[in-house]
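Since the structure comes first, as structure tokens, the remarks are kept for the end.
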Amino acid sequence: MKAGILKGFFLAILAALLWGVSGTFGQFLFQQRGVNIEWLITIRMLISGVCLLFFAGFVEKSDVFSVWKNKKDALQLAVFSITGMLAVQYTYFAAIKHSNAATATVLQYSGPVVIAVYLACKNKKLPVLIEFVAIVLAVLGTFLLVTHGNINSLSISPIALMFGLASAVALAIYTLQPIRLLSRYPSSVIIGWGMMCGGVAFSFVKAPWDIEGSWDMQTYWYTAFIVLFGTLVAFYAYLTAVQIIGGQKSSLLASMEPLSATVLAVLWLNVPFSMIDWIGSLLIVSTVFLLSIKPKEVQIVEEEIK
């Protein structure tokens, strides 16, 4: 295996692990330290956005303001900042707050199925067989995860389910919406501005200086990890992996995220995760592998990203 390919694999796996760990740390901060979810999102997006833009400007020597000189690109970036970047951050952490990191992460990974359905509607044709199987598995997996097989009851709260499914939709938007921008500008510039603008917008919801919760060294360390490693390093590592090995292989390797989040939540936070939860999770995550072998849509997305 070439060194460049090996680097791409390593970065994709690293991003998945960092996302999984940061989700579990977020659960600890929300449920055991009373940290405000809106405040954490505002802080992580502002700090990570500023750092990425500095990196793009001073290390990569990119023109970080070039995207704002084109009205169409500027509008698309503004939309991505709110409907993609901010939405995927908020819905994911809100799902964690109202359930747990394991369930929220698995539910978000039904996002590729949302993409498959959207592309089928956009192209005005029925899903091919493998897409249809993936959709059925995702629906069945979600049903098992949230009901434990009992249609008359939910194993998680309705609001947790709502945010979990919303995070899947937000992930689909986050994946598809910036493809044109990523083909024209460095990923660090687009993600940096997406985080920066999303953080500024969310500051009107929760100001960065309006701090809540019980703060000790553990709280400080976990917050720093989420901001620096779970956001800045993870996003940049993943997008770099996409540029090296393509979106298809990167998304497959990123499916380690729900595994890492689940294992850590179960072993560290003692989150109850029954056999039926594991089965439902496996069904949902398996859709990533199924959709990776569909012929046209994934190839189109991957080529446009490159």
TODO: Just need the Rg to Rh number for region 169-252, please, alpha carbons only, Kirkwood Rh.
DONE: 1.04
TODO: Determine the shape class of region 1-104: with a ≥ b ≥ c the square roots of the Cα gyration tensor eigenvalues, call it rounded for a/c under 1.5, and otherwise prolate if a/b is greater than b/c, oblate otherwise.
DONE: oblate
Task: region 1-99: trypsin sites (Lys or Arg not before Pro) falling in loop per DSSP and having at most 11 other Cβ within 10 Å - done: K2, K61
Task: Gain in span if fully extended, Q31 to D216, counting 0.36 nm per residue against the direct Cα distance - done: 65.1 nm
Open item on the list: Order 227-238, 202-213 from most to least packed using the mean count of other Cβ atoms within 10 Å.
Closed with: 227-238, 202-213
Open item on the list: Quick check for you: with a 1.4 Å probe and neighbouring chains kept, what is the accessible area per residue of the chain, in Å²?
Closed with: 45 Å²
Open item on the list: Can you compute the FRET efficiency between F143 and I179 using 1/(1 + (r/R0)^6), with r the Cβ-Cβ distance and R0 = 25 Å? Round to the nearest 0.05.
Closed with: 0.20
Open item on the list: Give me the base-10 log of I(q)/I(0) for region 123-267 at each q in 0.11, 0.15 Å⁻¹, Debye formula, one uniform scatterer per Cα, rounded to two decimals.
Closed with: -0.65, -1.19
Task: Binned Cα-Cα distances of the chain, short to long, each 20 Å bin given as a whole percent - done: 34, 60, 6
Task: Extended-chain gain in nm, criterion 0.36 nm per residue less alpha-carbon gap, A224 and A74 - done: 51.0 nm
- [ ] Identify which of G149, G111, G20 has the largest mean-square fluctuation in a Gaussian network model of the chain, with springs joining Cα atoms closer than 10 Å.
- [x] G149
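The values are calculated or read from the model by the stated rules, or taken from the named source; none is laboratory data. The model shown is predicted, which means the values in this text are computed figures rather than measured ones. Note that we place each Cβ from the backbone using ideal geometry, even for glycine, and neighbour counts take in every protein chain shown. Surface accessibility is based on the protein's heavy atoms, side chains included, excluding ligands, DNA and RNA. Shrake-Rupley method; radii C 1.70, N 1.55, O 1.52, S 1.80 Å.
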